Ligand SMILES: Nc1nc2c(ncn2[C@@H]2O[C@H](COP(=O)(O)OP(=O)(O)OP(=O)(O)O)[C@@H](O)[C@H]2O)c(=O)[nH]1
Ligand SMILES: [Mg+2]
């Protein structure tokens, strides 16, 4: 098993952050998203979620959580051969905020080292702030470390010409922080 790394990207922002993290290190990628999201549909080996009622887009964390619980065994199996798990997610949305704590719990229960790289919403995202805070609190017990980028406190002070450019810079910043953490913290010996 060694020091093999799996990046688990959840939701749209999770995917964007994961792409940047992968530019800094050699790691496998597992995408988890609502079945209706094209970014998951077109990628072989990704996990597509639907609720017990068959919904393939999620309107709340409760929906995505229920969908993730349906595929716990599949997720656990996909984590199995890796020692380190890096979770990437933009907290505040309906998908990643419900799914990430489930994946963190499963990884932790299997004895993995879990590192999460997350964003917190901009103030204008209003309702998403409490969703993000709740998900962050749920993640904490299962993660060895969480790298948090607060869009409101940090992105809003950064220099950029467009939102796309800002989000790309944020993903790159998170990726650099993740790779620095990995250099400082060897995986647990098993
Ligand atoms: N770094 C980064 N943050 C983003 C990006 N897009 C959105 N965000 C932030 O991440 C939060 C979650 O957005 P998404 O990733 O789209 O949410 P989701 O988990 O896919 O959930 P739903 O889209 O609601 O189903 C947003 O509220 C923003 O604060 C991105 O491309 N990069
Ligand atoms: Mg999304």
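The values are calculated or read from the model by the stated rules, or taken from the named source; none is laboratory data. Predicted model only: the values in this text are computed from it and were never measured. Quick reminder, even Gly has a Cβ in these numbers, built from the backbone with ideal geometry, and neighbours come from all protein chains shown.
Tabulated results
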item: From the options 115, 120, 70, residue that is touching a strand residue (DSSP E or B) at 6+ places or on another chain (Cβ under 8 Å) and within 8 Å of ligand 1 (Cβ to nearest atom); result: 120
item: Neighbours by Cβ (under 8 Å, 6+ apart or cross-chain): first from the stretch 144-163, in contact (Cβ under 8 Å) with a residue 24 or more places away in the chain; second within 11 Å of ligand 1 (Cβ to nearest atom) and in a loop (DSSP other than H, G, I, E, B); result: 151/121; 151/122; 152/121; 152/122; 155/122; 156/122
item: Selection count, the stretch 61-88, where residues are surrounded by fewer than 21 Cβ atoms within 10 Å (Cβ to Cβ) and assigned to a loop (DSSP other than H, G, I, E, B); result: 4
item: Count of residues meeting criterion [assigned to a helix (DSSP H, G or I), within 16 Å of residue 171 (Cβ to Cβ) and away from ligand 2 (no atom under 16 Å from the Cβ)] in the stretch 90-132; result: 0
item: Residues within the stretch 131-142 that are free of Cβ contacts under 8 Å to residues at least 40 places away in the same chain and either within 12 Å of ligand 1 (Cβ to nearest atom) or closer than 16 Å to residue 21 by Cβ (or both), tallied; result: 0
item: Test: residue 58 is closer than 24 Å to residue 170 by Cβ, under 17 Å from the mean Cα position of the chain (by Cα) and either modelled with pLDDT of 95 or more or assigned to a helix (DSSP H, G or I) (or both); result: yes
item: Candidates 53, 18, 27, 13, filtered to the one that is away from ligand 1 (no atom under 15 Å from the Cβ) and either crowded, with 20+ Cβ neighbours inside 10 Å or within 16 Å of the chain's Cα centre (by Cα) (or both); result: 27
item: Failed criterion for residue 146 (all others in (1) surrounded by fewer than 22 Cβ atoms within 10 Å (Cβ to Cβ); (2) within 11 Å of the chain's Cα centre (by Cα); (3) not in a strand (DSSP E or B) hold); result: (3)
item: Selection from the stretch 160-173 of residues that are in contact with a helix residue (DSSP H, G or I) (Cβ under 9 Å, 6 or more places away or on another chain) and outside any helix (DSSP H, G or I); result: 160
item: Hits in the stretch 33-48 - residues which are near ligand 1 (Cβ under 10 Å from one of its atoms) and in contact with a helix residue (DSSP H, G or I) (Cβ under 6 Å, 6 or more places away or on another chain); result: 33, 39
